[in-house]
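Written out below as structure tokens is the structure these notes cover.
Please treat every number below as a calculation from the coordinates, not as lab data. Only a predicted model underlies this, so the values are computations on that prediction, with no experimental measurement involved.
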Amino acid sequence: DDLLFITIGKGLGAGIILNGKLRKGGRAFAGELGYMVFSKECQVKPDEAGWLEREIQLDSLRSEKEIDMDSLNNLACNLALAIVNICVPLEIGHVVLGRFKDDAFYRLLLQKINFYLRSLSTLGITCEPPRCKEPAVLGGAHLIVESVLDDLFGT
């Protein structure tokens, strides 16, 4: 019933599913991982990318054809920090990372994230690949159907 789905695209986002329901937040900002902050020196500016997006150098990750090991480790470590800081207080044990770049890079990224997760938390949090080709589309369709059924049957 609880799940954290992370996607790396134009930004760094997540779908936080609690008790089978997507957590949107009062301002629909829940899941904006790119704006997480792990530095007390951070100065937030409304017209810039968030701290975490800048820290993982998301713009250069998207544009590079081949990503070096330092960038991969930086991405994996910072994603693991974000995962732990969401999953521990909410007791979410299941994390899915949407596909990113090529398969070899993706498998190595998952491996590195799970390495960091084992050292950052004792809850046994694991990060896995999606079980279907387009999990965000499938999840969105499920939420729409669920909403319609709630309206029809008042559950």
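General observations
- Listed cross-link partners 24/45; 10/45; 21/112 are compared with a 25 Å cut-off, the Cα-Cα value being larger for 21/112.
- Long-range amide H partners of residue 12 with built H, under 5 Å: 34
- Other-chain or far-sequence residues with amide H under 5 Å of residue 94's (modelled H): 4
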